[in-house]
Amino acid sequence: MSIHGQVAAESASINVRNFMDGYLESLSLLERLHRLLLDVIKDEFERLNVLDINAVQALLLFNIGENEVTAGELKSRGYYQGSNVSYNLKKLVEMGYMHHQRCEIDRRSVRVRLTTKGREVRNHVAELFERHADGLEKNGLLGVNGVDEINGSLRRMERYWSDQIRYIY
């Protein structure tokens, strides 16, 4: 192999290692950001003295919003983030944050929607996210273009991972 061939091979090897390092850092950041998001929500609810609900449950209420959904729909949308969605739904119903009703067509399925109390929690989370978005933009940390670029990259990664799962079987 010529000296130019060796240099090209070494350069390609370095590029692969650099990409892999960046990919692993992205995975680590995603995981840390999710945990940090839950901590931020927890701290907000402690500040508001709302102590009967945890951050995962508050995020679940936020993601349900004004919709009426089933537990299966929440799981397929990924709104439970690794926690037991059935357990959290049951607790939220017991605490008065959600209504539940058996589906007329499929009696095994239960549809849930927020109560007034649940909408209050959803509104607190929405206000928190609005303050954060405003702060990120006003402080020049992240603008519309940056958010669009991040979201585009994450959607491509999501599609790639979904395809990997789909093609295993």
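The values are calculated or read from the model by the stated rules, or taken from the named source; none is laboratory data. This one's a predicted model, so the numbers in the text were calculated from it and none came from an experiment. Cβ atoms come from the backbone with ideal geometry, glycine included; neighbour counts cover every protein chain shown. Only protein heavy atoms, including side chains, enter the accessible area calculation; ligands, DNA and RNA are left aside. Shrake-Rupley method; radii C 1.70, N 1.55, O 1.52, S 1.80 Å.
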Requested in this report: Compute the distance in nm between two label points, each set 7 Å from the Cα along the Cα-to-Cβ direction, one at Leu51 and one at Asp134.
Outcome: 2.9 nm
Report summary line: Carbon and sulfur atoms account, in whole percent of the 1.4 Å probe accessible area of the chain, for 54 percent
Requested in this report: Please give every one of the lysines within straight-line cross-link reach of Lys90, meaning a C-alpha to C-alpha distance under 22 Å, and leave out same-chain neighbours fewer than 8 residues apart.
Outcome: Lys42, Lys75, Lys117
Query - Rg/Rg_ref, the chain, where Rg_ref = 2.2 N^0.38 Å and atoms are Cα - result: 1.39
Query raised in the report: Can you put Phe45, Phe129 in order of accessible area, largest first, using a 1.4 Å probe?
Result: Phe129, Phe45
Query raised in the report: At a probe radius of 1.4 Å, what is the per-residue accessible area of Tyr160, in Å² to the nearest 10?
Result: 130 Å²
**Report entry** Karplus (6.51, -1.76, 1.60) ³J(HN,Hα), θ = phi - 60°, over region 25-39, in Hz, Gly and Pro reported as x
**Finding:** 5, 4, 4, 5, 5, 4, 5, 5, 5, 5, 4, 5, 4, 5, 5
Requested in this report: Would you mind checking which residues have amide H under 5 Å from Met98's amide H? H placed 1.01 Å from N; only 5 or more apart, or other chain.
Outcome: Val93, Thr115
Report summary line: With x for Gly and Pro, the residue-by-residue ³J(HN,Hα) of region 64-72, computed from phi through the Karplus equation 6.51 cos²θ - 1.76 cosθ + 1.60 at θ = phi - 60° and given in whole Hz, is 6, x, 8, 7, 10, 9, 9, 4, x
Report task. Any aspartates and glutamates with Cα under 19 Å of the Lys138 Cα? List them, leaving off those in the same chain fewer than 8 positions away. Result -> Glu127, Glu130, Asp148, Glu149
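Restricting attention to region 16-108, which trypsin sites (Lys or Arg not before Pro) occupy a DSSP loop and are surrounded by at most 16 other Cβ atoms within 10 Å?
Loop-located and lightly packed - Arg107, Arg108.
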Report summary line: Karplus ³J(HN,Hα) for region 49-60 (6.51 cos²θ - 1.76 cosθ + 1.60, θ = phi - 60°; Hz, whole; x = Gly/Pro) runs 6, 9, 10, 8, 10, 9, 5, 4, 5, 5, 5, 4
Query raised in the report: Cα to Cα, under 16 Å, and not fewer than 8 places away if on the same chain: which aspartates and glutamates meet these conditions relative to Lys91?
Result: Asp52
**Report entry** Value of [θ]222 nm, deg cm²/dmol, for the chain, DSSP H segments ≥ 4, -39500 (n - 2.57) each, nearest 500
**Finding:** -24500 deg cm²/dmol
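Using a 1.4 Å probe, what is the accessible area per residue for the chain, in Å²? Please list the in-between numbers first.
Working: 12100 Å² over 169 residues.
Averaged over the residues of the chain, the accessible area is 72 Å².
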Query - Amide hydrogen neighbours beyond the local backbone of Val110, cut-off 5 Å, H modeled - result: Ala71, Cys103
Report summary line: One finds the C-alpha centres of region 87-106 and region 138-158 to be spaced, in Å, by 35 Å
